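Just below is one structure, and these are the notes that go with it.
The values are calculated or read from the model by the stated rules, or taken from the named source; none is laboratory data. Source: prediction; values computed, not measured. When we count neighbours, we look across all protein chains shown, and the Cβ atoms used for this are built from the backbone with ideal geometry, even at glycine. Quick note on the areas: whole protein, heavy atoms, side chains included, nothing else; ligands and nucleic acids left out. Shrake-Rupley method; radii C 1.70, N 1.55, O 1.52, S 1.80 Å.
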Amino acid sequence: MAKPVVEILDTTLRDGAQMEGVSFSVNDKFQILDNLVTIGVRYIEAGNPGSNPKDREFFTKFNEKRPVMDQTELVAFGPTKRKGIKPEDDTGLADLLSAQTSTIVIFGKTWDLEVRDILRCTNEENKALIRETTEYLRSQGRDVIFDAEHFFEAYRANPDYAVACLKAAQDGGALCAVLCDTNGATMPDEVGAVTAAVVQALPGIQIGIHCHNDSGMAVANSQAAVLAGATHVQGTFNGIGERCGNANLSTIIPNLQLKYGHSCIPDDRMELLTPVARTIAEITNIQLPNGEPYVGSSAFSHKAGMHVDGVKKNPKTFEHIEPTSVGNARRFLLSEISGRSAVLDIIRRIKPDISRDAPEVARVLHTMKDLEHQGYHFEGAEASQELLVCKELGLYQPFFTLEKLRITIEQPQVGAFSAFTYIKILVDGVEEVTAAEGEGPVNAMDRALKKAMEVFYPELTQVRLTDFKVRVLNQEATASTVRTLIESTDGIRTWHTIGVSTDILEASWLALVDSLEYKLMCQQLGLT
Ligand SMILES: [Zn+2]
């Protein structure tokens with residue numbers, strides 16, 4: 001029998017936006033919305049048009065644009081009406097209706113302590129607030145999802161009352177009642193037990209779950225609720241959210257769909273999971289941890305020699321799923337402990353017919369281990385690695401000889417430039433002398449080297465440096481080594497090179513030279 005559909009409500013734009021350091025522009029929100037529509041979540045919660053001008057602007061623009069949403073629906077989010085007034089006179093509800101969404105998420109209290117101390121009304125009055133709000137929104141033709149704030153505290157304190165509040169939402173016509181672990185305090189066994197009890201007590205209404213990660217349990221709790229009968233899960237992509245974040249949908253969706261056979265998004269969209277999670281991280285301006293389950297860059301990376309060997313013989317040995325099924329990719333990392341087969345793989349990209357026992361293989365392995373000992377780290381610098389292989393295979397001829405390099409650094413008050421580089425290179429016996437200014441010495445060096453090389457290799461004009469990272473490696477107390485990593489592009493391909501030295505300028509120079517020579521070498525050898 002097919003397992004039930006589990007609806008996904010993404011609240012990246014609402015709860016996620018409350019994460020420290022995150023601020024979405026209206027344009028960011030539309031880009032995230034596009035990604036969520038692409039992956040096919042059921043609902044996108046985008047905030048409260050009454051609570052701030054940015055949310056209002058978003059809903060107004062959304063209604064002007066009316067983007068094609070396929071099976072996804074945009075929802076507005078706001079509180080139950082205030083006590084003592086009729087729903088039709090409540091400006092908050094009017095704001096929510098003005099968002100023109102066909103479904104509205106209403107949050108309300110179910111914990112008797114909050115009813116007494118925060119709302120300052122009777123338990124009966126609070127139930128009436130929930131029922132009347134729901135009824136009114138239903139009368140306006142809207143579907144209602146009821147989010148029960150602090151539900152697990154509420155249930156612990158007074159289970160009958162907590163359930164009676166959900167019943168009030170059901171009586172008002174709500175489609176779904178969502179149990180919120182607002183403080184992220186509850187453990188999976190309790191979430192499971194409470195959810196099962198609620199599902200049993202309230203037949204005829206869908207039960208949902210909304211978890212926060214304060215105890216590191218948001219994903220586990222969401223799954224415990226689903227196993228106990230919940231069929232609606234709220235969370236955010238990459239788990240962003242206030243404090244420790246919300247339940248991470250990029251983990252929950254594949255867990256429920258691939259491990260439990262539930263349907264959360266259309267099957268053919270699962271391979272969009274990694275690109276969507278990474279794009280949303282990019283828009284959010286957060287760095288996804290390498291080890292992020294399913295979507296991180298290390299999620300299917302193999303380093304230990306025996307593991308690499310195992311995966312090559314049968315991927316099931318060290319991979320829990322096929323990486324492409326979630327749009328990720330398998331990677332073999334080279335390291336001091338990596339085996340010959342990983343090295344062989346890289347060499348075969350350049351020389352496909354090389355045998356496993358060829359002396360070049362041992363030589364490449366030896367050189368790589370040597371360099372790693374000095375502080376090189378080829379995992380993020382595949383271009384320098386391929387260059388090194390070419391050098392060991394005897395396929396590399398230097399593209400230029402450096403005759404002279406002089407770098408001058410000036411105080412910034414002299415114009416806008418703070419550094420100046422003079423360079424003299426030799427290509428096939430022809431000399432080129434040039435100079436360039438730059439914002440800082442690395443920039444000046446990059447410009448001067450490129451300018452000189454372009455005289456001989458005009459194809460280098462398309463190459464530009466897109467990222468530059470420096471890392472200090474404290475290998476010894478007396479001298480620290482610097483590692484620079486450079487990302488370059490020619491508009492079509494992107495590649496990474498590395499330089500290591502005790503001198504930051506030398507480390508940068510090595511990475512810059514590798515970047516240009518890599519482009520030329522690929523062209524020469526016909527590598528793509
Ligand atoms: Zn929340």
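Distance in nm between label sites at Glu431 and Ile354, each 7 Å beyond Cα in the beta-carbon direction?
Between Glu431 and Ile354, the label points sit 3.8 nm apart.
What does the convex hull of the Cα atoms come to per residue for segment 192-267, in Å³? Show your work: numbers first, answer last.
Details: hull volume 6.8 nm³, N = 76.
Residue-normalised Cα hull volume stands at 89 Å³.
Would you tell me the accessible area of Ile492, worked out with a 1.4 angstrom probe on the heavy atoms of the protein chains, in Å² to the nearest 10?
150
Using only the alpha-carbon atoms of segment 285-330, report the extent along each of the three principal axes, biggest first, to the nearest angstrom.
Result, largest extent first: 38, 22, 12 Å.
Compute the distance from the alpha-carbon center of segment 495-526 to that of segment 84-133, in whole Å.
62
What ratio of Cα Rg to 2.2 N^0.38 Å holds for segment 7-265? Don't skip to the answer; put the middle values down first.
On the way: Rg = 17.1 Å, N = 259, 2.2 N^0.38 = 18.2 Å.
Ratio of Cα Rg to 2.2 N^0.38 Å: 0.94.
Using only the Cα atoms, what convex hull volume per residue in Å³ does segment 419-519 have? Intermediate results must be reported in sequence, preceding the final value.
Working: hull volume 10.6 nm³, N = 101.
Spelled out: Cα convex hull of segment 419-519, divided by residues, is 104 Å³.
Across all directions of projection, what mean area in square nanometres is found for the Cα convex hull of the chain? Each step should come with its number before you reach the end.
On the way: hull surface 127.1 nm².
Orientation-averaged projected area of the Cα hull: 31.8 nm².
Between Arg66 and Glu319, what length in nm is gained on full extension when 0.36 nm per residue of separation is reduced by their alpha carbon distance? Don't skip to the end; give the middle numbers.
Values: separation 253, 0.36 × 253 = 91.08 nm, distance 4.17 nm.
Answer, rounded to one decimal: 86.9 nm.
Can you give me the accessible area per residue for segment 401-525, using a 1.4 Å probe, in Å²? Present the calculation step by step, with values, prior to reporting the outcome.
Numbers: 6520 Å² over 125 residues.
Each residue of segment 401-525 exposes 52 Å² on average to a 1.4 Å probe.
State which entries of Lys61/Lys127; Lys391/Lys519; Lys312/Lys469 exceed 25 angstrom in Cα-Cα distance in the structure shown.
Details: Lys61/Lys127 35 Å; Lys391/Lys519 15 Å; Lys312/Lys469 32 Å.
Flagged as over cut-off: Lys61/Lys127; Lys312/Lys469.
Between helix 359-374 and the chain, what is the angle of the helix's C-alpha long axis to the longest principal axis, kept within 0 to 90° and rounded to the nearest 10?
70
Could you check how much of the accessible area of the chain is carbon and sulfur, as a whole percent, using a 1.4 Å probe?
Numbers: 11860 of 23690 Å².
Of the solvent-accessible surface of the chain, carbon and sulfur hold 50 percent.
Would you work out which of Thr494, Gln462, Phe420 lies farthest towards the positive end of the dipole of segment 401-525? Charges go on Cβ: Lys and Arg +1, Asp and Glu -1.
Thr494
Where does the Debye-calculated log10 I(q)/I(0) of segment 227-292 sit at q = 0.16, 0.20, 0.23, 0.26 Å⁻¹, using only Cα point scatterers of equal weight, no solvent?
-0.57, -0.86, -1.08, -1.26
Could you give P(r) for segment 486-528, binned at 5 Å from zero, as whole percent values over all Cα-Cα pairs?
6, 23, 29, 20, 12, 7, 3
Would you calculate the separation in nanometres between label points at Ser298 and Glu124, each defined as 7 Å from the Cα along the Cα-to-beta-carbon direction?
Each label point lies 7 Å from its Cα, and together they span 6.0 nm.
Using amide H atoms built in the peptide plane, which far-off residues or other-chain residues are under 5 Å from His232 H to H?
Long-range HN contacts for His232: Glu7, Ile209.
When only the heavy atoms of the protein chains count and the probe is 1.4 Å, how do Arg142, Arg120 rank by accessible area, highest first? Can you show the working numbers first?
Values: Arg142 40, Arg120 175 Å².
So, going from the largest accessible area down, we get Arg120, Arg142.
With just the Cα atoms defining each centre, how far is segment 144-182 from segment 275-316? Give it in Å.
Centre-to-centre (Cα) distance: 38 Å.
Taking the 0 to 90 degree range and rounding to the nearest ten, how far is the long axis of helix 188-201 tilted relative to the main principal axis of the chain, both from C-alpha atoms?
Roughly 40 degrees between the two axes.
Taking all pairs of different Cα atoms in segment 348-504, averaging 1/r and flipping that mean, what Kirkwood radius in angstroms comes out? Before the final figure, lay out each step's value.
Working: mean 1/r = 0.0563 Å⁻¹.
So the Kirkwood estimate lands at 17.8 Å.
So what does Ile504 come to for accessible area, using a 1.4 Å probe and Å² rounded to 10?
80
State, as an integer percentage, the relative contact order of segment 401-525 based on alpha-carbon contacts under 8 Å between residues 6 or more apart. Display every interim value, and only then the final one.
On the way: 242 pairs, mean separation 18.5, N = 125.
For segment 401-525, the relative contact order is 15 percent.
How far is helix 504-525 tilted, in degrees, relative to the longest principal axis of the Cα atoms in the chain, given as a value from 0 to 90 rounded to the nearest 10?
Taking the Cα atoms of the chain, the angle to 504-525 is about 80 degrees.
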